[in-house]
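The values are calculated or read from the model by the stated rules, or taken from the named source; none is laboratory data. Computed from a predicted model, the values in this text were never measured in an experiment. Note that each Cβ is placed from the backbone with ideal geometry, even for glycine, and that neighbours are counted across all protein chains shown. Side chains included, ligands, DNA and RNA excluded: accessible areas come from the protein's heavy atoms. Shrake-Rupley method; radii C 1.70, N 1.55, O 1.52, S 1.80 Å.
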Amino acid sequence: MAVVRLGLVGAGGVARLYAQAALDLPDEVRVSAVFDVDAGRAAELARLTSATVHDSHLSMLGGSVDALVVCTPHALHLAPAVDAAAAGVHVLMEKPMATSLADCDAMAAACSGAGVALFLGHIQHYLPITATARRAVAGGLIGTPVAIVDRRSTDYRPGHRPGWFFDPELAGGGAIMNIGAHCVDRVTWLAGGRPARVTATVVRRGPVETEGLLQIELGNGVLASVAVIDSALAGIDEIEVLGTSGSLRASRSDGVQIATERGVRTLLRAPADMGEHVRTAFVDQLTDFAAAVRGERPVAIDARVGRDVVATVLGAYESARSGKTVEVELFGQS
């Protein structure tokens with residue numbers, strides 16, 4: 001196939017980012033179908049992309065699309081993925097992969113068994129700031145990673161997020177499942193290790209947790225600290241990596257800098273427009289996905305990555321309940 005036909009399942013804010021990225025890639029992908037429980041929202045996104053509106057994800061699978069991009073509430077991820085796999089349709093699954101390990105495993109098994117791509121939409125891998133940091137760490141610019149600190153603040157008050165974010169069943173949790181999933185993904189990616197154990201404290205100011213602190217021990221010995229803070233103050237989004245021969249800081253405010261015995265060096269300046277970085281990331285991610293669908297390259301972010309993130313978040317919830325360190329349940333350990 002030349003141009004990959006996409007079906008958007010869900011037409012909210014993230015789906016719009018995918019739709020806009022597709023419009024920037026007319027030779028790679030085209031949104032041909034849209035479904036949302038809100039028919040008006042689906043129609044609006046369909047007009048933007050010249051797509052047809054469908055009354056369910058199932059009606060897309062009769063030959064209208066080559067791949068689904070699933071942007072539904074977290075707990076509703078499994079059915080579109082399994083149904084797509086049964087129809088031989090590829091899947092780009094927005095993070096988090098699911099809200100239970102059973103759903104993660106069922107989704108991965110269905111796609112693997114059907115021979116279709118399952119690509120996890122962990123956008124941190126494509127944001128220029130995080131991608132630059134990854135190249136620097138992997139390239140040995142600060143030696144071997146020893147520890148990582150990731151801090152993220154966000155306004156998690158009702159009215160500032162979609163209503164379903166505050167439904168623990170649909171969302172699978174609160175700020176840690178939603179925002180913390182990005183942090184867990186990027187600390188493990190930067191450190192080049194899988195999670196082994198997690199200790200966590202969370203704060204709940206409503207039906208779901210609004211903030212939390214995670215200490216994650218990785219299998220390669222790196223210790224990661226993740227803080228997700230609920231704040232109406234100016235946002236914080238930064239990660240620092242301590243290496244054996246230097247340190248790295250990556251943030252929206254400072255860009256990417258490294259400090260070694262040779263002094264401080266800027267690898268990437270802070271973006272004047274973070275929105276432009278986000279747009280670039282979604283375009284690059286969709287380019288990689290289309291290439292995987294066409295069989296031109298392997299899936300860049302696979303089910304193991306997505307499942308590791310979910311397993312870590314669920315382990316953090318168990319740690320917060322029990323007050324103990326919890327072993328992260330990696331694939332094959334259940």
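Please compute the per residue accessible area over the range 1-127 with all protein chains in place, 1.4 Å probe, rounded to a whole number of Å².
36 Å²
With the helix formula -39500 (n - 2.57) applied to DSSP H stretches of n ≥ 4, the chain reaches a computed 222 nm mean residue ellipticity of -10500 deg cm²/dmol. Only protein atoms count toward the accessible area here, which uses a 1.4 Å probe; on the range 47-147, the carbon and sulfur part of that area reaches 57 percent.
Using the Cβ-Cβ distance between R279 and R197 with R0 = 35 Å, the FRET efficiency computed as 1/(1 + (r/R0)^6) comes to roughly 0.40.
Remark: the T132-R41 segment gains 29.2 nm on full extension, using 0.36 nm per residue and subtracting the alpha carbon distance. For the range 154-192 and the range 25-62, what is the centre-to-centre distance using only Cα atoms, to the nearest Å? One Cα centre to the other: 26 Å.
How much length, in nm to one decimal, is gained on full extension between L48 and R151, taken as 0.36 nm per residue of separation minus their Cα-Cα distance? Numbers along the way, then the final one.
Values: separation 103, 0.36 × 103 = 37.08 nm, distance 3.55 nm.
Using 0.36 nm per residue and subtracting the Cα-Cα distance, I get 33.5 nm.
Please state the shape class of the range 1-135: rounded when a/c is under 1.5, otherwise prolate if a/b exceeds b/c and oblate if not, all from the C-alpha gyration tensor. Rounded, since a/c falls under 1.5. Between D254 and L58, what's the calculated FRET efficiency when r is the beta-carbon distance and R0 is 45 Å? Round to 0.05. My answer for the efficiency is 0.45.
Amide hydrogen proximity for T52: with H placed 1.01 Å from N in the peptide plane, the residues at 5 or more positions away or on another chain lying under 5 Å are A33, V34.
Calculated accessible area for the range 211-284 comes out at 52 Å² per residue, all protein chains present (probe 1.4 Å; ligands, DNA, RNA ignored).
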